[in-house]
Amino acid sequence: MKPLAASLEFEMPKTKNAVNVGDEAVKNATGKTWPEWFAVLDKEGAAKLDHKGIVAILSKKHKVGPWWQQMVTVGYEQARGLRVKHQTATGYSVSASRTLPASSRAVFDAWNDVRQRRRWLADPLTIRKSTPGRSLRITWGDGKTNVDVMLFGKGTGKAQVAVEHSKLKTAAEVKRMKQYWTDALNRLKELLE
């Protein structure tokens, strides 16, 4: 194993959140930098623990708050090769987003109204919960994976849609669904233009 200080640049967490959170922010929130956390967790034997076990160490022994427990755990798992890109505790997750030329309500209607949705998204789905103009919680047609849709107004006549498809089983599925959602959101944009 390479010395931690020498390998840190190459072993930093690769998640979107961790990349955006530097040592100073981690230290301000938790009292330790990334390298310090990696050393502490290595000493605790975290490389042999599951996600919940690592979180328990951070919670019970180090009194780290819930959000930071997850951040530090995922960062550690990725740095130590215990978790790969897009991997979560329940499988894999992939996301896509697009700014669309329509209001949040119009984008919501394009998802929520079956007739409109069929014009750009042919696959079956079940909407479990929705908040008009804001979000939809969906069970995908396979009955096993989930799709969360978040809508954000971006001024007059524009909205951003962010889609997260979770509980995917393989990295190959992630690649396929990333392309699927990119294409679907492009079709939705064309429909709304």
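The figures follow:
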read-out	value
Rounded if a/c under 1.5, otherwise prolate or oblate - region 69-193, Cα gyration tensor axes	prolate
Cβ charges +1 (Lys, Arg) and -1 (Asp, Glu), total dipole of the chain, debye	460
Qualifying trypsin sites (Lys or Arg not before Pro) in region 27-101, DSSP loop, other Cβ atoms within 10 Å at most 15	Lys63, Lys85
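Each value in this text was obtained by applying a stated rule to the coordinates, not by laboratory testing. What you see is a predicted model, and the numbers here were worked out from it, not measured in a lab. All Cβ positions, glycine included, derive from the backbone under ideal geometry; neighbour counts span all protein chains shown.
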